[in-house]
Amino acid sequence: MRSLNEPLVSNGYTLAMTSERLGWLEPRTANLPMEQLRETYHQQGYLWLKGFFKRDMVLKFRDFFFETIAERGLQAYFEIITSREYEEFCTMPHLWNFYKEFLQGPPYLHRRKMLRFNIPGEDHCTGGHYDLIYLRSGTDRLCTSWIPLDDIPVEMGGLIYLEHSDAAGRQLEAEFRAKNAELPSEERISAYNRNMRANGWVSTNLAEMAERFNTRWLVADYEAGDMVIHSPYMIHAATLNNDPLLRTRLSTDIRFQCVDDEIDQRWAKDWSLGDDL
Ligand SMILES: O=C(O)CCC(=O)C(=O)O
């Protein structure tokens, strides 16, 4: 297990680097029996599948992204979001068939899909949250796939998980459900209603969160080809991209469920700026 040279920083807060507060995500290989993978996912709240995709395929999509932006400028970003290339990447048979087996039913991919890039020097990143806050109007049998679209060592600020926080997310959501019960129906399901914190985050102070929940943030050196699946209650966040080589962190996060489970229709459209979801 390697050690980190610099402390990890997230939205102005420095993470404690002690072994009680910081650890490493545990990888699995995708060729393990499906039952075992499902069990690990339920126990840990996440499943980090090493080398799930062919590396070349991931890097080809990364190249498509950066070449399109280089040719046409940042305004091409939302064209990429709606592009055939992105849709094909997210629905490739290898991924689709995996989810069919994992979910034990025909999968449904939420159309609102995020492609994120984080440049070294930015001062903000994803705060601590769980995903159901944004998807309250459907089933909670929901899986997020977080896919690094390049190698993302810890220093580049990949996704980090609060260990064993699926239970804490469930507890928080039960509390919010009770508080939100009085609100008009549209507001009740909103991640930004009067009972929620800014951006729907649990907090941006990750150091305080590790103390409060008495647990560790789990970090990882991700490689192109990996995929992490997390539960909608699992608390996660990111740290700032502090890459000495000044590379941009590129990743996508997309959400699957069974087509027969209740679907949050607010997500049945492409991601756009200010869509308030
Ligand atoms: O990539 C990020 O910074 C955030 C991703 C995320 O929150 C998710 O995958 O649910």
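Listing for the model above:
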item	result
The stretch 22-257: relative contact order as a whole-number percent, Cα under 8 Å and 6+ apart	40 percent
Heavy-atom accessible area ranking, 1.4 Å probe, most first, across E262, E87, E182	E182, E262, E87
Rounded accessible area of K179 (nearest 10 Å², 1.4 Å probe)	120 Å²
The stretch 245-277 versus the stretch 208-238: alpha-carbon centroid distance in Å	18 Å
Structure-based [θ]222 nm, the chain - -39500 (n - 2.57) summed over DSSP H runs of at least 4, per residue, nearest 500	-8000 deg cm²/dmol
Coil-residue chymotrypsin sites (Phe, Trp or Tyr not before Pro) of the stretch 97-195, DSSP, other Cβ within 10 Å capped at 16	Y192
³J(HN,Hα) computed for each position of the stretch 104-113 - Karplus, 6.51 cos²θ - 1.76 cosθ + 1.60, integer Hz, glycine/proline x	6, x, x, x, 10, 9, 5, 5, 6, 10
Globularity ratio of the stretch 22-257, using Cα Rg and 2.2 N^0.38 Å	1.00
Amide proton proximity set for W24, modelled H, under 5 Å, gap of 5+	V219
Two-site FRET efficiency, L245 against N193, from Cβ-Cβ distance with R₀ of 51 Å, rounded to 0.05	0.75
Length-normalised contact order for the stretch 20-67 - Cα pairs under 8 Å, 6+ apart - percent	38 percent
Compactness of the stretch 222-271, expressed as Rg and Dmax over alpha-carbon positions, Å	15.1, 46
Evaluated at q = 0.13, 0.23, 0.25, 0.27 Å⁻¹: base-10 log I(q)/I(0), Debye formula over Cα of the stretch 34-111	-0.54, -1.11, -1.19, -1.27
In the stretch 114-177, GluC sites (Glu not before Pro) in a DSSP loop with at most 14 other beta-carbon atoms within 10 Å	E122
Accessible-area composition of the chain, carbon plus sulfur, in percent [1.4 Å probe]	50 percent
Surface per residue (accessible, 1.4 Å probe) for the chain, Å²	47 Å²
Net dipole in debye of the stretch 22-257 [+1 Lys, Arg Cβ; -1 Asp, Glu Cβ; about Cα centre; nearest 20]	580 debye
Segment M114-M17, extension gain: residue separation times 0.36 nm, minus the distance between their alpha carbons	31.9 nm
Three-way shape call for the stretch 114-177 based on the alpha-carbon gyration tensor, with the a/c threshold at 1.5	prolate
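The values are calculated or read from the model by the stated rules, or taken from the named source; none is laboratory data. Quick caveat: nothing in here was measured; it's all calculated off a predicted structure. Virtual Cβ from ideal backbone geometry, glycine too; neighbours counted across all protein chains shown. For accessibility, only protein heavy atoms count, side chains too; no ligands or nucleic acids. Shrake-Rupley method; radii C 1.70, N 1.55, O 1.52, S 1.80 Å.
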